[in-house]
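Shown next, in structure tokens, is the structure this report addresses.
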Amino acid sequence: WREIKPHQWAAIDAAFQLSPPHKLDLKLKRGEETVEVSIAAVPDPAYGLPERGLRFDYEERRQTADGVGDALRLGYNRTIRFVVTVYQNLYGMIVGRISPKTLSGPLTIATVSYRFAGEDFWQFLLFIGMISVNLAVVNFLPIPVLDGGHMLFLIYEKLTGRPVPERLFAVLMWTGLVLILLMFVYVTRNDIMRLFF
């Protein structure tokens, strides 16, 4: 006999499902009394995946606002959460936890927009809003050519009292432009591989 603590039942359940003939003898303490019971699994043809015994469905909840103020608050909170998620994904790609192959470009955006537009106008509107937030976050990255790069140039000018030297400015701008174009080519390639191959 092996004593099982309350937090160990998930592991016991997994072992029970993976070990034929799926029978288990238990000693249960009920107050001062100890009772021995045997349990055996019975397949349920109407539910679950045969190889797992369980099916985990997506949880769906509809969140509605009580008024205009509540709707603005919910929208603001969701936007902040999405901005944080974008930065977390970028960090994950930098440290190698997320594959760059997950990046999508204009073809995927157009395909998903078309699908949402045909199914639910409000989902379509939400998707367009998410794309806008995503573009705003990317636009504020400290890359020359983008607004984030221009902010760096302005901060440099404020701190030093003079603008970035023209030659350095031109090199940085061309480097930023090449990076953006390479990124565009890469995400478009991802789209083509994902959609057509």
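Residue 144 versus (1) under 24 Å from residue 89 (Cβ atoms); (2) assigned to a helix (DSSP H, G or I): which is the lone unmet condition? Only one criterion is unmet by residue 144, namely (2).
Residue 104 falls short on exactly one of the conditions (1) touching a Lys or Arg at 6+ places or on another chain (Cβ under 8 Å); (2) part of a helix (DSSP H, G or I), and that condition is (2).
Checking each residue in the range 139-151 for being among the hydrophobic types (A, V, I, L, M, F, W, C) and crowded, with 16+ Cβ neighbours inside 10 Å picks out 143, 145, 146.
Taken over the range 61-96, the criterion of being outside any helix (DSSP H, G or I) and over 16 Å from the mean Cα position of the chain (by Cα) is satisfied by 61, 62, 63, 64, 65, 66, 67. Pairing residues of the range 64-91 that are modelled with pLDDT of 90 or more and open to solvent by less than 60 Å² (accessible area, probe 1.4 Å) with residues that are assigned to a helix (DSSP H, G or I) and among the polar types (S, T, N, Q), at Cβ distances under 6 Å and at least 6 apart in sequence or on separate chains, gives 86/134.
Evaluate the following for residue 135: is it surrounded by 13 or more Cβ atoms within 10 Å (Cβ to Cβ), part of a helix (DSSP H, G or I) and modelled with pLDDT under 95? The answer is no for residue 135.
For residue 17, the conditions (1) exposed (fewer than 10 other Cβ atoms within 10 Å of the Cβ); (2) modelled with pLDDT under 80 are fulfilled apart from (1).
Kindly indicate whether any position in the range 178-186 is open to solvent by less than 80 Å² (accessible area, probe 1.4 Å), over 24 Å from the mean Cα position of the chain (by Cα) and of a type outside the set (Ser, Thr, Tyr). Scanning the range 178-186, I find at least one residue that is open to solvent by less than 80 Å² (accessible area, probe 1.4 Å), over 24 Å from the mean Cα position of the chain (by Cα) and of a type outside the set (Ser, Thr, Tyr), so the answer is yes.
The values are calculated or read from the model by the stated rules, or taken from the named source; none is laboratory data. Given the structure is predicted, the values throughout are model-derived calculations rather than measurements. No Cβ is skipped: glycine too gets one built from the backbone with ideal geometry, and neighbour counts run over all protein chains shown. Side chains are part of the model used for accessible areas, which takes the heavy atoms of the whole protein and leaves out ligands, DNA and RNA. Shrake-Rupley method; radii C 1.70, N 1.55, O 1.52, S 1.80 Å.
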